[in-house]
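Trainee: Encoded as structure tokens, here's the structure I'll be asking about.
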Amino acid sequence: MSVIIAPSMLSADFGILDQQVEMVNNSRADWFHLDIMDGVFVPNISYGFPIIKAIAKIAKKPMDAHLMIIDPDRYFENFRELGVEYLSVHYEACTHLHRSIERIKSLGMKAGVALNPHTPAHMLHEIISDTDFVLVMSVNPGFGGQSFIENTYNKIRKIKEIIKDHSANCLIEIDGGVSISNASKLIEAGADILVAGNSVFGASDPVKVISDLKCI
């Protein structure tokens, strides 16, 4: 399977949102990545349902929503109604993580568990077999454009071993500081999905950057 590329709409120019969505539609990208922040779980607020609805009207590729919010279970049905196909919740935000994962799956979406940089990989042992993908934060969540955390490579390898040990059918997604310069090393470590924000939307030719990432 070739790597899945998911441009992060957090880095898009919202003044020309329709054009940015069409750019992703017409590129070699696989998913739209949606970063949802509440200003409580992380120190920033991103966008909510009206923006997601606007993206969904134009998007021709699956939407992957990453919930950086407290009590995410309140909104699962809303994301399903908007057409989200991949939904991840933070390990650190869910008191009853297994219940949350099962609820997402019962609504027909793929369920992911997101880990902050300080959360060790071994915390996944009890949930990995129930999870469709693990989202590894390679920056501290809350803001785009941060520097990549180098320990991410080791964390990916550890998660890959956990997946293997449990014979789990689970993908690994990387979010934060992904670029042409580190994509190859991330894939070698075991990454299946790359979320790219500033490296795509900040480029003079974002379609080419997406294509280059896809070809690695």
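Trainee: Given bins 10 angstrom wide, list per bin the percent of all Cα-Cα distances in the stretch 1-113, short to long.
Mentor: Taking every Cα pair in the stretch 1-113, the percentages come to 14, 47, 32, 7.
Trainee: Filter the trypsin sites (Lys or Arg not before Pro) in the stretch 1-104 down to the DSSP loop ones having no more than 10 other Cβ atoms within 10 Å, then list what survives.
Mentor: Numbers: sites: Arg28, Lys53, Lys57, Lys60, Arg74, Arg80, Arg99, Arg103; in loops: Arg28, Lys60.
The qualifying sites are Lys60.
Trainee: Rg/Rh for the chain to two decimals, with Rh computed the Kirkwood way over all alpha-carbon pairs.
Mentor: Working: Rg = 15.8 Å, Rh = 17.1 Å.
Radius of gyration over Kirkwood radius for the chain works out to 0.93.
Trainee: Ok, one more. Mean separation of Cα pairs under 8 Å and 6+ residues apart, divided by the residue count of the stretch 52-159: what relative contact order is that in percent? Can you show the working numbers first?
Mentor: Working: 144 pairs, mean separation 23.0, N = 108.
Relative contact order comes out at 21 percent.
Trainee: Asp73 to Gln19: extension gain in nm, 0.36 nm per residue of separation minus the Cα-Cα distance? Please list the in-between numbers first.
Mentor: Details: separation 54, 0.36 × 54 = 19.44 nm, distance 3.18 nm.
Here the answer is 16.3 nm.
Trainee: Rounded to the nearest 20 Debye, what is the dipole magnitude of the chain about its Cα centre when Lys and Arg each give +1 and Asp and Glu each give -1 at the C-beta?
Mentor: On the way: 19 positive and 26 negative charges, 58 e Å.
It works out to roughly 280 debye.
Trainee: Calculated FRET efficiency, Leu107 and Asp130, Cβ-Cβ r, R0 22 Å, to nearest 0.05?
Mentor: Rounded to the nearest 0.05, the efficiency is 0.90.
Throughout, read-outs are computed from the coordinates displayed, never taken from laboratory work. Just so you know, these numbers come straight off a predicted model, no measurement behind them. A quick note on method: Cβ atoms are made from the backbone with ideal geometry, for glycine too, and the neighbour counts reach across all protein chains shown.
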